[in-house]
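Structure first, commentary second.
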Amino acid sequence: MRIKTKWITGVIAIALFSALAASLLTTALLVRGLLSNKGSRWVSLLAGQAAETLLPDNTTVATESTTKTDGITITPAAPTSRPYTPSPRPTLTAKPTPEPQPTTTAAPSASVTPTQAAPLSPQVSPGETPSLSPTPSAEPSQSAGEPLPNPHLWELYQLVQEAYAEIAPAVVRIQVVVPSKYTKTVQTDEASGLIVDEKGLIVTDASVMDIALDKNGGLLAEARIEIMVHQADRILQATYLGRDQVTGVAAFSIKNGEKKLTVPRFALTPELHVGQTVLAVGYPEMLMAEGGLTSGFISALNRTVILEDGLSIQMIQTDLKISSRDAGGPLLNLQGEVIGLTNCGLITDPLDTRLRALPVDALLYVARALESADKPGERAWLGITVLHESSFLELQRLYRFPDGLYISSVIQDSPAYVADLRRNDVIVSINDEAVSPTMDLSTFLQAQPVGTELQLRVFRRSESRVIDLVVYLQELQS
């Protein structure tokens, strides 16, 4: 039994020794093969480190790797473009390479030198000529890392630049100067403005005139208005024509001698929609050679309202952020057409900071009225704006309002304001006569003399009740 155990142990030891010797021998052979020239070429192929690649135009391109073979450092040559000339191997004789045909691929023999290594296919055996298939090279359209230009953005940039270049000469700077009667101090205010016609009619935001007007709306005797125009080489003195309290537009007239003023293009029937890109342009500040451009979007279109003179207005609301110096400048579409005047329009809540623009049709209407000799100052006014019939009927279906005129805004210090008429009130009767949403308020007021007393019955939405108010019509002040 003891002899049999020793015999089994000896057999196992011999088997283990034989396996270990075989493993060591196999490893030595593999290492020797890898360290040989042929083995290094195979390693280079497996690692994607070929020294030269034949291109379709018979030129060679060096690789980007460095290997060591038998103590010799093989460094790839710098990228070059030269006719490919096959060279014989150090240990093998290369077969002649046939001339390349239009429909075939040339197969030159590869060579290995201390400075380059030829790519071999794994199927090539010693004594055979390797075949290299040309690989088409795609030339990039631009440098690596540089983003591709978006054609739509490029077109947008061009439109903005062209729109600004076209409108800039028609935008002016308005400076109101009011010297003090009792001290040497001077009170000033600034805004931008827009040239409306070649004769020198200019419009702007009427709030710039607040420091220069008396309580009756007349211009103070010591006040002066200075206009800076791009084409003029001097400051021009302007004549104040008046302002419209409802729309907040002021008008001036200048004379520029024989120089022709630039007049912008007006979009008389613009197609406006929420999300539309718009531009606002103001006159640049003194230390700026050019500028005053702001871009944004139309954020809302107000419901159409009717003024007391019958004019329909749909105010434009935007997300633009402009300074007070740029107020009164034009609002443009991307075609460079004027679609409105910034910071003008119907009176809103004092805390509402959203930028609004008076549409161009109302702007031109008010400007011509202020320019003409027949100014709207001899008629009675109430001081409200009402919703258009279609807009009111839509709200009436939702909120069950009674029939009447829905007040959309009340002008500060107007007869309606003094009588406590409020925004969102509904006038249901005037002098005990029922009012319908189709009533022509303009025609009614034109027939009333200044000082007329009106008995109004009003549905107050905020209190859900009907109240009676008395209003005395006053003379419309410019």
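Read-outs: derived from the displayed coordinates by stated rules, not from any lab. Just so it is clear, the structure is predicted and the values come from calculations on it, not from any experiment. FYI the Cβ positions are ideal-geometry reconstructions off the backbone, even for glycines, and counts take in every protein chain you see.
Observations
- Full-extension gain in nm, Ala13 to Glu290, via 0.36 nm per residue minus C-alpha separation: 90.1 nm
- Among the trypsin sites (Lys or Arg not before Pro) in the range 187-243, those located in a DSSP loop and surrounded by at most 13 other Cβ atoms within 10 Å of their own Cβ are Lys199, Lys215, Arg234.
- Inter-part distance where the range 401-458 and the range 216-274 are each reduced to a Cα centre, Å: 33 Å
- Normalising the Debye intensity of the range 165-253 to I(0), with uniform scatterers on Cα atoms only, and taking log10 at q = 0.12, 0.17, 0.25 Å⁻¹ returns -0.36, -0.70, -1.34.
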